[in-house]
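Below: the structure, in C-alpha coordinates.
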Amino acid sequence: MMTEPSIEPGRWQFWIDRGGTFTDLIGRAPDGSLQTLKLLSENPEQYQDAAVEGIRRLLGLRPGEAITPERVDCVKMGTTVATNALLERKGDPTLLVTTQGFRDALRIATQARPRLFERHIVLPELLYSQVIEATERIGAQGEIVTRQATAMASRHSRSGQV
(Lines give C-alpha, C1' and ligand atoms only; values in the text may rest on other atoms or scores of the structure.)
Protein backbone atom coordinates (compact mmCIF):
# COMPACT_ATOMS: atom_id res chain seq x y z
CA MET A 1 0.00 0.00 0.00
CA MET A 2 1.42 3.37 -1.02
CA THR A 3 0.84 6.29 1.32
CA GLU A 4 0.75 9.93 0.37
CA PRO A 5 3.82 11.91 1.47
CA SER A 6 3.12 14.10 4.48
CA ILE A 7 2.71 17.77 3.75
CA GLU A 8 2.85 20.59 6.25
CA PRO A 9 -0.62 22.18 6.59
CA GLY A 10 -0.89 25.30 4.44
CA ARG A 11 2.47 24.71 2.71
CA TRP A 12 3.39 23.74 -0.84
CA GLN A 13 5.88 21.17 -2.15
CA PHE A 14 7.74 21.76 -5.43
CA TRP A 15 9.62 19.49 -7.83
CA ILE A 16 11.61 21.24 -10.54
CA ASP A 17 13.55 20.06 -13.60
CA ARG A 18 15.73 22.79 -15.08
CA GLY A 19 16.74 22.02 -18.64
CA GLY A 20 18.71 23.98 -21.19
CA THR A 21 15.54 25.21 -22.92
CA PHE A 22 12.66 24.73 -20.50
CA THR A 23 12.17 24.52 -16.75
CA ASP A 24 9.30 22.25 -15.67
CA LEU A 25 7.62 22.59 -12.28
CA ILE A 26 5.17 20.42 -10.38
CA GLY A 27 3.63 21.92 -7.28
CA ARG A 28 1.58 20.07 -4.68
CA ALA A 29 -0.84 22.52 -3.10
CA PRO A 30 -1.76 22.25 0.58
CA ASP A 31 -5.04 20.56 -0.45
CA GLY A 32 -3.02 17.80 -2.19
CA SER A 33 -3.82 18.87 -5.77
CA LEU A 34 -0.99 18.94 -8.32
CA GLN A 35 -0.28 21.89 -10.58
CA THR A 36 2.24 22.01 -13.41
CA LEU A 37 4.03 24.84 -15.17
CA LYS A 38 6.58 25.08 -18.00
CA LEU A 39 8.76 28.17 -18.42
CA LEU A 40 11.68 29.10 -20.62
CA SER A 41 14.86 28.46 -18.64
CA GLU A 42 16.30 31.76 -19.87
CA ASN A 43 13.95 34.73 -20.27
CA PRO A 44 15.75 37.77 -18.80
CA GLU A 45 13.13 40.23 -20.07
CA GLN A 46 10.49 38.51 -17.91
CA TYR A 47 12.35 37.02 -14.91
CA GLN A 48 15.84 36.41 -13.51
CA ASP A 49 15.37 32.76 -12.54
CA ALA A 50 12.82 30.33 -14.03
CA ALA A 51 12.56 28.13 -10.92
CA VAL A 52 11.88 31.07 -8.59
CA GLU A 53 9.43 32.58 -11.09
CA GLY A 54 7.60 29.25 -11.41
CA ILE A 55 7.24 28.92 -7.65
CA ARG A 56 6.06 32.52 -7.46
CA ARG A 57 3.41 31.90 -10.15
CA LEU A 58 2.15 28.65 -8.63
CA LEU A 59 1.85 30.39 -5.25
CA GLY A 60 -0.06 33.23 -6.91
CA LEU A 61 2.46 35.87 -5.83
CA ARG A 62 3.04 39.20 -7.55
CA PRO A 63 6.44 39.97 -9.14
CA GLY A 64 8.92 40.83 -6.40
CA GLU A 65 6.71 39.48 -3.60
CA ALA A 66 8.71 37.31 -1.19
CA ILE A 67 8.49 33.52 -1.20
CA THR A 68 8.37 32.73 2.51
CA PRO A 69 9.07 29.48 4.42
CA GLU A 70 5.52 29.66 5.79
CA ARG A 71 4.23 28.93 2.25
CA VAL A 72 6.80 26.33 1.11
CA ASP A 73 7.39 22.90 2.68
CA CYS A 74 10.14 21.77 0.28
CA VAL A 75 11.76 22.36 -3.10
CA LYS A 76 13.43 19.46 -4.90
CA MET A 77 15.32 20.30 -8.04
CA GLY A 78 17.22 18.43 -10.71
CA THR A 79 18.92 19.64 -13.85
CA THR A 80 19.99 18.28 -17.20
CA VAL A 81 22.11 21.34 -18.00
CA ALA A 82 25.40 19.79 -16.83
CA THR A 83 24.62 16.46 -18.50
CA ASN A 84 23.82 18.21 -21.78
CA ALA A 85 27.02 20.28 -21.58
CA LEU A 86 29.02 17.10 -21.08
CA LEU A 87 27.32 15.26 -23.95
CA GLU A 88 27.63 18.27 -26.28
CA ARG A 89 31.33 18.67 -25.32
CA LYS A 90 30.80 22.24 -24.08
CA GLY A 91 32.68 23.61 -21.12
CA ASP A 92 35.89 22.48 -19.45
CA PRO A 93 37.58 19.13 -20.13
CA THR A 94 36.46 16.31 -17.83
CA LEU A 95 38.57 14.04 -15.65
CA LEU A 96 37.45 10.48 -14.88
CA VAL A 97 38.51 9.07 -11.51
CA THR A 98 37.99 5.32 -11.36
CA THR A 99 39.19 2.33 -9.37
CA GLN A 100 42.66 1.08 -10.30
CA GLY A 101 42.42 -1.47 -13.08
CA PHE A 102 39.21 0.00 -14.54
CA ARG A 103 40.81 2.74 -16.68
CA ASP A 104 39.40 1.23 -19.88
CA ALA A 105 36.01 0.08 -18.55
CA LEU A 106 34.04 2.87 -20.27
CA ARG A 107 36.01 2.44 -23.51
CA ILE A 108 35.44 -1.33 -23.51
CA ALA A 109 31.78 -0.87 -22.49
CA THR A 110 29.58 -3.88 -23.21
CA GLN A 111 31.23 -4.89 -26.49
CA ALA A 112 27.75 -4.88 -28.04
CA ARG A 113 28.06 -4.48 -31.80
CA PRO A 114 25.05 -4.07 -34.09
CA ARG A 115 27.00 -5.62 -36.99
CA LEU A 116 29.00 -8.46 -35.50
CA PHE A 117 31.35 -8.98 -38.47
CA GLU A 118 32.07 -5.30 -39.17
CA ARG A 119 35.77 -4.92 -39.89
CA HIS A 120 35.97 -1.19 -39.14
CA ILE A 121 34.40 -0.42 -35.76
CA VAL A 122 33.86 3.27 -35.03
CA LEU A 123 33.84 3.87 -31.29
CA PRO A 124 32.04 6.87 -29.81
CA GLU A 125 34.16 9.77 -28.58
CA LEU A 126 35.00 9.55 -24.88
CA LEU A 127 33.35 12.06 -22.54
CA TYR A 128 36.56 12.59 -20.55
CA SER A 129 40.03 13.77 -21.53
CA GLN A 130 42.11 12.18 -18.72
CA VAL A 131 41.84 9.26 -16.30
CA ILE A 132 43.15 8.85 -12.76
CA GLU A 133 43.16 5.36 -11.29
CA ALA A 134 42.42 5.48 -7.56
CA THR A 135 43.91 2.76 -5.38
CA GLU A 136 41.02 2.82 -2.91
CA ARG A 137 38.83 -0.29 -2.83
CA ILE A 138 35.40 -0.47 -1.24
CA GLY A 139 33.83 -3.78 -0.25
CA ALA A 140 30.32 -5.03 -0.99
CA GLN A 141 29.04 -3.69 2.35
CA GLY A 142 30.59 -0.25 1.81
CA GLU A 143 33.63 -0.77 4.02
CA ILE A 144 36.97 0.63 2.88
CA VAL A 145 39.23 -2.32 2.01
CA THR A 146 42.18 -0.22 0.77
CA ARG A 147 42.57 3.51 1.57
CA GLN A 148 43.20 6.01 -1.22
CA ALA A 149 46.47 7.90 -1.14
CA THR A 150 45.22 11.51 -1.18
CA ALA A 151 48.54 12.86 -2.46
CA MET A 152 47.80 11.61 -5.99
CA ALA A 153 44.38 13.26 -6.15
CA SER A 154 45.59 16.57 -4.75
CA ARG A 155 48.59 16.58 -7.12
CA HIS A 156 46.21 16.37 -10.12
CA SER A 157 43.84 19.03 -8.77
CA ARG A 158 46.71 21.49 -8.17
CA SER A 159 48.39 20.83 -11.53
CA GLY A 160 45.42 22.10 -13.51
CA GLN A 161 46.17 19.53 -16.17
CA VAL A 162 42.52 18.68 -16.72
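The values are calculated or read from the model by the stated rules, or taken from the named source; none is laboratory data. A quick note: this is a predicted structure, and the numbers were derived from the prediction, not measured. Backbone-built Cβ (ideal geometry, glycine too); neighbour counts: all protein chains shown. Each accessible area value is taken on the protein alone, full model and side chains, heavy atoms only, with ligands, DNA and RNA left out. Shrake-Rupley method; radii C 1.70, N 1.55, O 1.52, S 1.80 Å.
Numbers for the structure displayed
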| item | result |
| --- | --- |
| Selection count where residues are in contact with a Leu (Cβ under 9 Å, 6 or more places away or on another chain) and farther than 30 Å from L59 by Cβ, scope the stretch 69-116 | 10 |
| Pick from the stretch 69-81, criterion touching a residue at least 40 places away in the same chain (Cβ under 8 Å) and assigned to a loop (DSSP other than H, G, I, E, B), ranking: surrounded by the most Cβ atoms within 10 Å (Cβ to Cβ) | R71 |
| Boolean, R28 is out of contact with any helix residue (DSSP H, G or I) (no Cβ under 7 Å at 6 or more places or on another chain), of a type outside the set (V, I, T) and surrounded by 17 or more Cβ atoms within 10 Å (Cβ to Cβ) | yes |
| Selected residue (criterion: nearest to A82 (Cα to Cα)) from residues of the stretch 31-53 that are in a strand (DSSP E or B) and open to solvent by 60 Å² or more (accessible area, probe 1.4 Å) | L40 |
| Which listed residue, of A85, A66, is surrounded by 12 or more Cβ atoms within 10 Å (Cβ to Cβ) and either without any contact (Cβ under 8 Å) to a residue 40 or more places away in the chain or not in a strand (DSSP E or B) (or both) | A85 |
| Scan of the stretch 71-85 for residues that are more than 10 Å from the chain's Cα centre (by Cα) and within 16 Å of V52 (Cα to Cα), ordered by number | R71, V72, D73, C74, V75, K76 |
| Which listed residue is under 14 Å from F14 (Cβ atoms), without any contact (Cβ under 8 Å) to a residue 24 or more places away in the chain and within 22 Å of the chain's Cα centre (by Cα), from L61, L34, L39 | L39 |
| I7, sole failed condition from (1) at pLDDT 95 or above; (2) surrounded by 15 or more Cβ atoms within 10 Å (Cβ to Cβ) | (1) |
| Residues satisfying the stated conditions in the stretch 58-73, i.e. among the hydrophobic types (A, V, I, L, M, F, W, C) and either farther than 20 Å from T23 by Cβ or in contact with a His (Cβ under 9 Å, 6 or more places away or on another chain) (or both) | A66 |
